[in-house]
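Engineer: Let me give you the structure first, and then I'll get to my questions.
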Amino acid sequence: MADMISITLPDGSVRAVEPGTTPADIAADIGPGLAKAALAAKIDGEVRDIMRPLERDTELALITSRDEAEALELARHDYAHVLAEAVQSLFPGTQITFGPSTEDGFYYDFAPKDRPFTDDDLPAIEEEMRRIIAADKPLRREVWERDALIERWEKNGETFKAEWAAELPEGEELSVYWSGDDWMDMCRGPHLASTGKLDPKAFKLLRVSGAYWRGDQRNPQLSRIYGTGWLDRKQLAQHLHRLEEAAKRDHRKLGQEMDLFHLQPEAQGSVFWHPKGYIIWRELEAYMRRRIDEAGYAEVKTPQLMDARQWQQSGHWGKYRENMFVVPDEIPSTEDEGPIVSGDADMMALKPMNCPAHVLIFRQGIKSYRDLPIRMAEMGCCHRNEPHGALHGLLRVRQMTQDDGHIFVREDQLVDEVRRFCELTDRVYRDFGFEGYAIKLALRPEQRFGSDEDWDKAEDELRNAVVEAGLATEDYGWEELPGEGAFYAPKLEWHLTDAIGRTWQVGTIQSDRVLPERLDASYVGEDGDRHRPVMLHRAVIGTYERFIGILIEHYSGKLPLWLAPVQAVVATIVSDADDYAEQVSARLREAGIRVETDLRNEKINYKVREHSLAKVANLLVVGKREAEEGTIALRRLGSDEHQKVMALDELVAMLAAEATPPDLR
């Protein structure tokens with residue numbers, strides 16, 4: 001028995017087994033049902049292959065499909081490998097690079113031999129993937145010596161894999177996984193026991209796009225194939241339905257149909273707001289301004305360009321420079337020949353965030369402990385140098401306006417201020433129709449500024465504030481996220497759930513002791529000495545661009561009436577009603593309703609279809625009878641009721657009430 005090892009199971013029972021026993025062996029010993037259901041093993045908290053031998057005393061938990069998050073991660077990782085094997089089978093000479101799992105699927109980047117892949121290639125690749133799954137090929141792990149692995153990749157013409165193997169840290173175990181005996185990939189794992197553990201009808205390849213090796217546009221361009229993968233076909237069908245619904249709600253599509261905005265290559269990642277779209281912006285901005293005024297913030301405005309030395313002092317230059325637009329502080333040459341800039345000038349940068357500038361405002365004049373808390377807010381336009389391939393409509397832009405704010409507090413005020421912010425976010429999200437949201441605490445990352453003592457304190461303060469606000473519960477999706485904090489501070493995150501179940505990280509508050517120290521912010525305490533304030537970085541809706549995109553998709557373009565760019569259209573059936581239509585429009589404008597008239601000589605059904613496509617909430621139809629009786633035939637967008645005839649005064653009062661912003665009701 002001395003050579004036996006002890007395996008502790010989740011129920012506390014202990015089994016003595018021989019070294020080299022696998023988790024699969026233990027599952028089989030427990031029972032045939034578990035042997036069939038077990039997908040992988042958790043060894044002392046780490047997920048590993050179910051066929052990987054056990055060599056020491058350990059705690060063991062077996063993963064089945066009931067452990068959905070971990071099972072999905074495993075399945076998607078395997079789908080990516082099967083995709084790579086299928087592509088190399090169908091397109092010899094294709095090089096493989098990376099293939100991770102994603103939030104709802106997987107992708108793999110390839111270097112094709114002859115031509116980039118297209119969407120037309122996907123059906124054949126899917127069929128080959130199903131053949132590999134049906135073959136139930138065992139997935140077997142091996143550890144290789146670095147030089148032997150590099151030699152193998154180079155011999156097979158896999159230059160990308162050889163490069164990556166050469167650069168992995170010294171001392172790191174280099175593992176590969178074989179699919180059967182004829183295909184392998186370099187991978188840390190873990191994997192399922194065989195390809196047959198995957199459901200051949202629970203995945204779908206979605207699209208092909210371009211990508212760069214290691215995400216650097218100076219490197220070779222690759223073909224990236226995206227797929228979605230699930231544990232069974234029912235999950236896949238549900239996901240494809242969500243994708244179909246998301247496509248209908250795509251803010252880029254709706255933005256064009258509703259004439260809200262457009263983007264074009266001459267201004268990558270910057271939005272051209274059309275008049276109707278900018279009405280949404282102005283209503284949102286006015287609402288947020290009322291909310292921050294009510295919450296005791298003072299609004300400020302800070303410069304777009306600041307000297308690089310300021311960003312160096314704040315720490316952004318070293319941690320964030322690759323995402324900044326850098327500008328030489330000199331007048332460019334107008335000569336036809338020679339360089340436009342000398343290369344000798346001091347550097348400036350467009351601000352990617354507002355926080356250092358707010359510290360500079362705080363530092364103007366002497367601050368007393370009695371002055372705190374000081375709450376600053378800025379509808380601050382910022383620029384971030386996002387890669388072209390990462391840009392996505394309003395949701396990922398280069399020029400953005402934040403509903404930014406910073407609160408300078410004493411230590412004894414911090415928890416109460418964070419609690420007040422939690423209450424503010426709750427009011428705002430409910431006003432916009434987001435009843436369900438989750439709050440998460442993002443904890444210290446590996447690379448960070450500040451001492452462990454400061455991080456301990458900052459994390460505890462945020463945690464305690466959420467507890468005091470009564471939000472650290474399952475109802476609010478409370479969760480702690482190790483390693484997800486900013487480099488200078490932990491943060492609370494608010495994740496909204498939209499109408500089709502997607503989550504969006506929007507609001508945040510961060511407790512920061514680092515930046516006040518780096519930029520020498522201080523106040524005079526009750527003891528007469530200088531003290532550092534704690535700086536709370538906060539945003540409720542994030543950026544205006546992204547939040548408007550989320551709202552458009554959440555409401556599928558049918559925005560709450562107070563946000564709608566056009567709140568009503570008066571449409572005539574016959575020209576005899578034109579004068580009455582103008583009178584109705586005038587009454588509505590007097591009541592503050594954004595209204596348009598449609599007097600075109602078109603059939604009413606044509607007008608109804610057109611304004612429905614533009615997501616106009618209220619179509620007010622008038623003909624000869626309505627003009628004579630002083631009534632309106634109201635058609636509501638999305639209503640089952642065909643139309644409702646109302647007196648004009650009644651209609652005006654009703655729409656005026658519905659169009660009032662929620663904070664003013």
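The values are calculated or read from the model by the stated rules, or taken from the named source; none is laboratory data. This is a predicted model, so every value here is computed, not measured. Here the Cβ positions follow ideal geometry from the backbone for every residue, glycine too, while neighbour counts run over all protein chains shown. These accessible areas exclude ligands, DNA and RNA; they are computed on the full protein's heavy atoms, side chains included. Shrake-Rupley method; radii C 1.70, N 1.55, O 1.52, S 1.80 Å.
Engineer: Kindly check whether there is at least one residue in region 436-457 that is under 30 Å from Glu244 (Cβ atoms), among the small types (Gly, Ala, Ser) and in contact (Cβ under 8 Å) with a residue 60 or more places away in the chain.
Structural biologist: Yes; the residues of region 436-457 include at least one that is under 30 Å from Glu244 (Cβ atoms), among the small types (Gly, Ala, Ser) and in contact (Cβ under 8 Å) with a residue 60 or more places away in the chain.
Engineer: To continue, here is another question. Using the structure shown, decide if Leu655 is of a type in the set (A, V, I, L, M), in a helix (DSSP H, G or I) and at pLDDT 95 or above.
Structural biologist: yes
To keep it simple, each residue is scored yes or no on (1) touching a Ser or Thr at 6+ places or on another chain (Cβ under 8 Å); (2) surrounded by 15 or more Cβ atoms within 10 Å (Cβ to Cβ).
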site	(1), (2)
Val326	no, no
Pro339	yes, no
Asn354	yes, yes
Met379	yes, yes
Arg384	no, yes
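Engineer: When you check Asp475 against the structure, is it open to solvent by 60 Å² or more (accessible area, probe 1.4 Å), free of Cβ contacts under 8 Å to residues at least 12 places away in the same chain and over 23 Å from Pro373 (Cα atoms), yes or no?
Structural biologist: Yes, satisfied.
Engineer: Counting only residues that are among the aliphatic types (A, V, I, L, M), assigned to a helix (DSSP H, G or I) and surrounded by 15 or more Cβ atoms within 10 Å (Cβ to Cβ), how many does region 220-242 have?
Structural biologist: Adding up the residues that qualify gives 1.
Okay, residues lined up against (1) open to solvent by less than 50 Å² (accessible area, probe 1.4 Å); (2) in a loop (DSSP other than H, G, I, E, B); (3) touching a strand residue (DSSP E or B) at 6+ places or on another chain (Cβ under 9 Å):
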residue: Asp11; (1), (2), (3): no, yes, no
residue: Ala16; (1), (2), (3): no, no, yes
residue: Pro19; (1), (2), (3): no, yes, yes
residue: Ile26; (1), (2), (3): yes, no, yes
residue: Ala41; (1), (2), (3): yes, no, yes
residue: Arg48; (1), (2), (3): no, no, yes
residue: Arg52; (1), (2), (3): no, yes, yes
residue: Arg56; (1), (2), (3): no, yes, yes
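Engineer: So in region 389-445, with the set limited to residues that are among the charged types (D, E, K, R) and closer than 29 Å to Glu322 by Cβ, which one is farthest from the chain's Cα centre (by Cα)?
Structural biologist: Arg444
Engineer: If you don't mind, there's one more thing I want to ask. If I filter region 269-308 down to residues being of a type outside the set (A, V, I, L, M, F, W, C) and within 14 Å of Gly255 (Cβ to Cβ), which single residue comes out as surrounded by the most Cβ atoms within 10 Å (Cβ to Cβ)?
Structural biologist: Taking the candidates together, the pick is Gly277.
Engineer: Could you please let me know if Val418 is closer than 24 Å to Trp562 by Cα, assigned to a helix (DSSP H, G or I) and of a type in the set (A, V, I, L, M)?
Structural biologist: For Val418, the condition - closer than 24 Å to Trp562 by Cα, assigned to a helix (DSSP H, G or I) and of a type in the set (A, V, I, L, M) - is not met.
Engineer: In region 460-467, is there at least one residue being within 30 Å of Tyr278 (Cα to Cα), crowded, with 17+ Cβ neighbours inside 10 Å, in contact (Cβ under 8 Å) with a residue 12 or more places away in the chain and among the basic types (Lys, Arg)?
Structural biologist: So far as region 460-467 goes, no, none of its residues is within 30 Å of Tyr278 (Cα to Cα), crowded, with 17+ Cβ neighbours inside 10 Å, in contact (Cβ under 8 Å) with a residue 12 or more places away in the chain and among the basic types (Lys, Arg).
Engineer: Confirm whether Asp114 is touching a residue at least 24 places away in the same chain (Cβ under 8 Å), open to solvent by 10 Å² or more (accessible area, probe 1.4 Å) and within 22 Å of Leu222 (Cα to Cα).
Structural biologist: It is false that Asp114 is touching a residue at least 24 places away in the same chain (Cβ under 8 Å), open to solvent by 10 Å² or more (accessible area, probe 1.4 Å) and within 22 Å of Leu222 (Cα to Cα).
Engineer: Counting only residues that are open to solvent by 10 Å² or more (accessible area, probe 1.4 Å), give me the strands (runs of 3 or more DSSP E) lying completely in region 558-644 with at least 3 of them.
Structural biologist: Answer list for region 558-644: 595-598, 631-636.
Engineer: Looking at this structure, is Ala349 within 18 Å of Ile292 (Cβ to Cβ) and not charged (D, E, K, R)?
Structural biologist: no
Engineer: Please work out if Val506 is within 30 Å of Trp455 (Cβ to Cβ), surrounded by 18 or more Cβ atoms within 10 Å (Cβ to Cβ), touching a Gly at 6+ places or on another chain (Cβ under 7 Å) and not aromatic (Phe, Trp, Tyr).
Structural biologist: Yes, satisfied.
Engineer: So, in region 155-202, exactly how many residues are free of Cβ contacts under 8 Å to residues at least 24 places away in the same chain and of a type in the set (S, T, N, Q)?
Structural biologist: Total satisfying the criteria: 1.
Engineer: Of all residues in region 58-73, how many are among the aliphatic types (A, V, I, L, M) and either assigned to a loop (DSSP other than H, G, I, E, B) or open to solvent by 20 Å² or more (accessible area, probe 1.4 Å) (or both)?
Structural biologist: Matching residues across region 58-73 total 3.
Engineer: Restricting to region 469-513, what's the tally of residues that are aromatic (Phe, Trp, Tyr) and closer than 27 Å to Pro560 by Cβ?
Structural biologist: Residues in region 469-513 being aromatic (Phe, Trp, Tyr) and closer than 27 Å to Pro560 by Cβ: 3 in total.
Engineer: Mind counting the residues in region 99-111 that are touching a Leu at 6+ places or on another chain (Cβ under 9 Å) and under 21 Å from Asn219 (Cβ atoms)?
Structural biologist: 6
Engineer: Can I ask one more? Of all residues in region 74-107 being acidic (Asp, Glu), open to solvent by 10 Å² or more (accessible area, probe 1.4 Å) and touching a residue at least 60 places away in the same chain (Cβ under 8 Å), which is nearest to Ser194 (Cα to Cα)?
Structural biologist: Here the answer is Glu85.
Engineer: In region 422-431, is there at least one residue being of a type outside the set (A, V, I, L, M, F, W, C), part of a strand (DSSP E or B), closer than 21 Å to Tyr544 by Cα and out of contact with any Phe, Trp or Tyr (no Cβ under 9 Å at 6 or more places or on another chain)?
Structural biologist: No, every residue in region 422-431 fails to be of a type outside the set (A, V, I, L, M, F, W, C), part of a strand (DSSP E or B), closer than 21 Å to Tyr544 by Cα and out of contact with any Phe, Trp or Tyr (no Cβ under 9 Å at 6 or more places or on another chain).
Engineer: Before we move on, is Arg152 open to solvent by 60 Å² or more (accessible area, probe 1.4 Å), of a type in the set (Lys, Arg) and touching a residue at least 12 places away in the same chain (Cβ under 8 Å)?
Structural biologist: Considered against the rule, which asks whether it is open to solvent by 60 Å² or more (accessible area, probe 1.4 Å), of a type in the set (Lys, Arg) and touching a residue at least 12 places away in the same chain (Cβ under 8 Å), Arg152 comes out as no.
Engineer: Can you name every one of the helices (runs of 4 or more DSSP H) wholly within region 245-340 that holds 3 or more residues which are closer than 27 Å to Leu372 by Cα?
Structural biologist: Result: 275-294, 308-314.
Engineer: Right, here's the next one. What about Ala647, is it open to solvent by 30 Å² or more (accessible area, probe 1.4 Å), of a type in the set (A, V, I, L, M, F, W, C), touching a Ser or Thr at 6+ places or on another chain (Cβ under 8 Å) and in contact (Cβ under 8 Å) with a residue 12 or more places away in the chain?
Structural biologist: Yes; evaluated as a whole, the condition is true for this residue.
Engineer: Cβ-Cβ distance below 6 Å, separation of 6 or more or different chains: which pairs start in region 365-376 with a residue that is assigned to a loop (DSSP other than H, G, I, E, B) and end on one that is open to solvent by 60 Å² or more (accessible area, probe 1.4 Å) and acidic (Asp, Glu)?
Structural biologist: none
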